[in-house]
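Colleague: Before I ask anything, here is the structure I am working with.
The values are calculated or read from the model by the stated rules, or taken from the named source; none is laboratory data. Everything numeric in this text was worked out from a predicted model, so none of it was measured. Positions of Cβ are generated from backbone atoms using ideal geometry, with glycine treated the same way; all protein chains shown enter the neighbour counts. Calculation scope for accessible area: heavy atoms of the full protein, side chains included, ligands and nucleic acids excluded. Shrake-Rupley method; radii C 1.70, N 1.55, O 1.52, S 1.80 Å.
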Amino acid sequence: YDKMHQDSLLKIIEDFLSHNTYVIQQFKLNCATPHQAANPGVEAAVRFKKVVKPLGSYQPFHACQHPVVEEKRNTIFDLYKCSLVEKNKVLELLREHIKTHMVVTSG
């Protein structure tokens, strides 16, 4: 989206967000490659992931059918934060991200 006008992109996003309340689930993932799993002294990589869904699409993490669980192998999952956020807050966070994070390319 680095070549789109930022306000145009924000308008598209605003039109796309049709729900009033969203659930943000934040996960800590301890991921082990096959090499790390085979060598106990090698530490696994720690990554963080957020999943944002409309309140009506909320899936409890402990159900073991969460999309994050299905796409990862050799991983320890830790749901460390789950919060409800109103649409205007989601738009505010996206606006901040789009307006302040810039992609710089040469050429």
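Colleague: Please count how many residues of region 83-107 are open to solvent by 70 Å² or more (accessible area, probe 1.4 Å) and either on the phi < 0 side of the Ramachandran plot or at pLDDT 85 or above (or both).
Modeller: Here the count works out to 17.
Colleague: Please enumerate the residues belonging to region 1-59 that are basic (K, R) and surrounded by 11 or more Cβ atoms within 10 Å (Cβ to Cβ). Full working, then the answer.
Modeller: Step one: filter region 1-59 for residues basic (K, R), giving 3, 11, 28, 47, 49-50, 53.
Correct list: K11, K28, R47, K49, K53.
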